[in-house]
Amino acid sequence: MILGLFSDKLGIAVRTGHHCAQPIMDFYQIPGTVRASFSFYNTKGEVDLLVSAVERARNMLL
């Protein structure tokens, strides 16, 4: 997925794909998703970087 590649270039680790939900994704005709995971050690700066990356990717794709 484009968002996954873009995030990787910015140093942000996300998972792309079906996430063990391919039957429901096939039903709704969704080719794939992007998932970010958070934990107690993530900083606000890291969350802000993820949000910025999603916004930049959205602006590039629209």
What about residue 12, is it assigned to a loop (DSSP other than H, G, I, E, B) and touching a helix residue (DSSP H, G or I) at 6+ places or on another chain (Cβ under 7 Å)? yes
Looking at the structure I just gave you, is residue 3 at pLDDT below 90 and exposed (fewer than 14 other Cβ atoms within 10 Å of the Cβ)? no
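Yes/no matrix, rows are residues, columns are (1) under 12 Å from residue 7 (Cα atoms); (2) not in a helix (DSSP H, G or I):
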position: 26; (1), (2): no, no
position: 31; (1), (2): no, yes
position: 45; (1), (2): no, no
position: 48; (1), (2): no, no
position: 52; (1), (2): yes, no
position: 55; (1), (2): yes, no
position: 60; (1), (2): no, no
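The values are calculated or read from the model by the stated rules, or taken from the named source; none is laboratory data. If you're wondering where the values come from, they're calculated on a predicted model, not measured in any experiment. For neighbour counting, all protein chains shown are included, and Cβ atoms are generated from backbone atoms with ideal geometry for every residue, glycine included.
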